[in-house]
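Trainee: This is the structure, below, for whatever I ask next.
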Amino acid sequence: QVQLVESGGGLVQAGGSLRLSCTASGTISSILRMDWYRQAPGKQREWVANFNYGDTNFANAVKGRFSISRDSAQNTVYLQMNSLKPEDTAVYYCNTIKFGVDYWGQGTQVTVSS
């Protein structure tokens, strides 16, 4: 079993920044891949970014504004979000797959006011 715990969401004005964190525990020794998704009200969940075996990838909507880093010692992946826009408002989820099983964090709300 793997547990993912997220933190760092909140309310921020447009142009501001937030850093989300996702900490993995349980039967996972290191994070090799972690994906971030978000779901806005009334919309489908969409992929945002990932850390994938040392590489990082981003959706076009956030490219250049978001970045990802990993703290191996803490088994934590961070999603740094800069230049936030109202359209970034959503619940953000982290996700990892281990032995073919999907694990999700509980979600953290990000609200960007205009």
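The values are calculated or read from the model by the stated rules, or taken from the named source; none is laboratory data. These numbers were taken from a predicted model, which means no experiment stands behind them. Glycine also receives a Cβ, built like all others from the backbone with ideal geometry; neighbour counts cover every protein chain displayed. Ligands, DNA and RNA are stripped out before the accessible areas are found, and what is left, the full protein with its side chains, is counted by its heavy atoms. Shrake-Rupley method; radii C 1.70, N 1.55, O 1.52, S 1.80 Å.
Trainee: What distance in nm lies between label points placed 7 Å from Cα along the C-beta direction at GLU46 and LEU32?
Mentor: 3.0
Trainee: Any chance you could check the Cα centroid distance between the stretch 20-69 and the stretch 70-114 for me, in angstrom?
Mentor: About 6 Å separates the Cα centre of the stretch 20-69 from the one of the stretch 70-114.
Trainee: For the chain, what is the accessible area per residue in Å² when the probe is 1.4 Å?
Mentor: 53
Trainee: Now a separate question. Kindly provide the trypsin sites (Lys or Arg not before Pro) of the stretch 1-106 that DSSP labels as loop, not H, G, I, E or B, and whose Cβ sees at most 12 other Cβ atoms within 10 Å.
Mentor: Filter output for the stretch 1-106: LYS43, LYS63.
Trainee: Return the lysines within reach of LYS85: Cα separation strictly under 30 angstrom, same-chain partners fewer than 8 residues apart disregarded; answer none if there are no such residues.
Mentor: Filter leaves LYS43, LYS63.
Trainee: I've got another one for you. On the protein heavy atoms, probe 1.4 angstrom, tell me the percent of accessible surface of the stretch 3-114 carried by carbon and sulfur.
Mentor: 48
Trainee: If you don't mind, another one. Given bins 5 angstrom wide, list per bin the percent of all Cα-Cα distances in the stretch 1-69, short to long.
Mentor: Answer for the stretch 1-69: a P(r) of 3, 13, 21, 27, 21, 10, 5, 1 percent.
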